[in-house]
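This report concerns only the one structure given below.
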Amino acid sequence: MPPLVRTPTPPARPANPVEDDAHVTEPLPFERPVQASRKPAADGPALGPTGRPMPVIPEPRPVTAHGNARVVSMCNQKGGVGKTTTTINLGASLVEQGRKVLLVDFDPQGSLSVGLGLNPHEMDLTVYNLLMERDVTLDDVVVPSGVPGMDLLPSNIDLSAAEVQLVHEVAREQTLQRVLAPALAEYDVILIDCQPSLGLLTVNALTASHGVIVPLECEYFALRGVALLKTTIDKVKERLNPGLEIDGVLGTMFDGRTLHSREVMERLVQAWGDKVFHTVIRRTVKFSDSTVAGEPITTYASSSAGADSYRQLAKEVLARWPAE
Ligand SMILES: Nc1ncnc2c1ncn2[C@@H]1O[C@H](COP(=O)(O)OP(=O)(O)OP(=O)(O)O)[C@@H](O)[C@H]1O
Ligand SMILES: [Mg+2]
């Protein structure tokens, strides 16, 4: 008789995985800073939604001339975390601050283009043509976004072919950087909406960027995968784009009423420190409604809390950018 093979008993799962480090299969991307007390000093500033004292965010300086654009990628390989929503609404809020903005739809799903009211089947030229065809210029592809002061480089499913075709190109990682170069002198901010993957398109976006914003849903599983994202950003910085900076990590779909959201937020701050924006974006159906309407929440529901959050994010982002 063959001996019975016993499978080892799996270790017991912790009651609350958020509280148990050992359960997180990936290492945290940063050294954990010493935790400050959550209680503010009696006369200190009130705590913000991230559990840190809320600073006064300065009013941005007015712009007198456009150009010298800062290029920023919205990047997270996890799907549905708010990359596209942040691209549209941060863009629209920066326009309210007098900035001239170009949005780049760099996702073959084309959600950014659809979210601004474009029909994916009625686009003559898209980012795909700009990347792959030498005789197509930026001006041929740029369309108005519907928000005065904000333009769009649209995309549709054609872009998925670029991921494969670019592999054979010389300087394949720098293709987006090359085609965006003429736009730098015209705009103040260029926001690139990445697809949920860390493939060649995302590497192109990171190579073309000065900064990265990482939207992260305030939900436990959203924390997984951030180590890989950080490694990818570090590799691009080391090999392709030494100036690349993480501009910030944005907590999205936050629900301050749940302990879970607050715990995840606390965990984010432990892992990413001051990179976490003080501004968080709360969960509200207004975002889905404004997508259906094909416009930013700042115009669709101008006085809503969601619109205000993105306006505040725009100020916080501007305060962090070096040239501002
Ligand atoms: N703060 C929020 N509250 C509620 N719903 C939101 C919020 N932000 C985004 N959404 C909704 O969540 C869905 C996913 O958002 P979004 O498309 O911005 O994510 P994404 O990261 O771009 O997704 P993908 O990875 O597929 O490109 C959308 O339906 C959007 O309307
Ligand atoms: Mg998206």
- Task: Evaluate the following for Ala323: is it over 16 Å from the mean Cα position of the chain (by Cα), under 29 Å from Thr231 (Cα atoms), of a type outside the set (D, E, K, R) and assigned to a loop (DSSP other than H, G, I, E, B)?
- Result: yes
- Note on the structure: Restricting the stretch 60-81 to residues that are in contact with a helix residue (DSSP H, G or I) (Cβ under 7 Å, 6 or more places away or on another chain) and assigned to a loop (DSSP other than H, G, I, E, B), the one surrounded by the most Cβ atoms within 10 Å (Cβ to Cβ) turns out to be Asn76
- Message: Go through the stretch 183-224 and report how many residues are more than 17 Å from Gly79 (Cα to Cα), surrounded by fewer than 21 Cβ atoms within 10 Å (Cβ to Cβ) and within 15 Å of ligand 1 (Cβ to nearest atom).
- Response: 0
- Conditions (1) of a type in the set (A, V, I, L, M, F, W, C); (2) more than 18 Å from the chain's Cα centre (by Cα); (3) within 16 Å of ligand 2 (Cβ to nearest atom): number failed by Leu184: (3)
- Item | Matching residues in the stretch 270-289 - criterion: being within 13 Å of ligand 1 (Cβ to nearest atom) and in a helix (DSSP H, G or I) | Lys286, Phe287, Ser288, Asp289
- Item | Val292 vs. criteria without any contact (Cβ under 8 Å) to a residue 24 or more places away in the chain, of a type outside the set (S, T, N, Q) and within 11 Å of ligand 1 (Cβ to nearest atom) | yes
- Give the residue, chosen from Leu152, Leu228, Leu200, Leu166, that is closer than 22 Å to Arg99 by Cβ and of a type in the set (A, V, I, L, M, F, W, C). Leu152
- Say whether the condition of being more than 8 Å from ligand 1 (Cβ to nearest atom) and assigned to a loop (DSSP other than H, G, I, E, B) is met by at least one residue in the stretch 82-95. no
- Message: When you check Pro2 against the structure, is it modelled with pLDDT of 50 or more and more than 30 Å from Ala305 (Cβ to Cβ), yes or no?
- Response: yes
- Message: Return the residues of the stretch 111-150 that are touching a strand residue (DSSP E or B) at 6+ places or on another chain (Cβ under 9 Å) and without any contact (Cβ under 8 Å) to a residue 12 or more places away in the chain; say none if nothing qualifies.
- Response: Pro144
- Message: Out of Val170, Val141, Val147, Val101, I need the residue that is β-branched (Val, Ile, Thr), more than 16 Å from ligand 2 (Cβ to nearest atom) and surrounded by fewer than 19 Cβ atoms within 10 Å (Cβ to Cβ). Which one?
- Response: Val170
- Task: Would you check if Gly273 is on the phi > 0 side of the Ramachandran plot and in contact with a Gly (Cβ under 6 Å, 6 or more places away or on another chain)?
- Result: no
- Residue under evaluation Gly117, criteria (1) closer than 16 Å to Ser288 by Cα; (2) of a type outside the set (Lys, Arg); (3) part of a helix (DSSP H, G or I); (4) more than 9 Å from ligand 2 (Cβ to nearest atom), criterion not met: (3)
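The values are calculated or read from the model by the stated rules, or taken from the named source; none is laboratory data. This structure is a prediction, so every number in the text was calculated from the model and none was measured. When we count neighbours, we look across all protein chains shown, and the Cβ atoms used for this are built from the backbone with ideal geometry, even at glycine.
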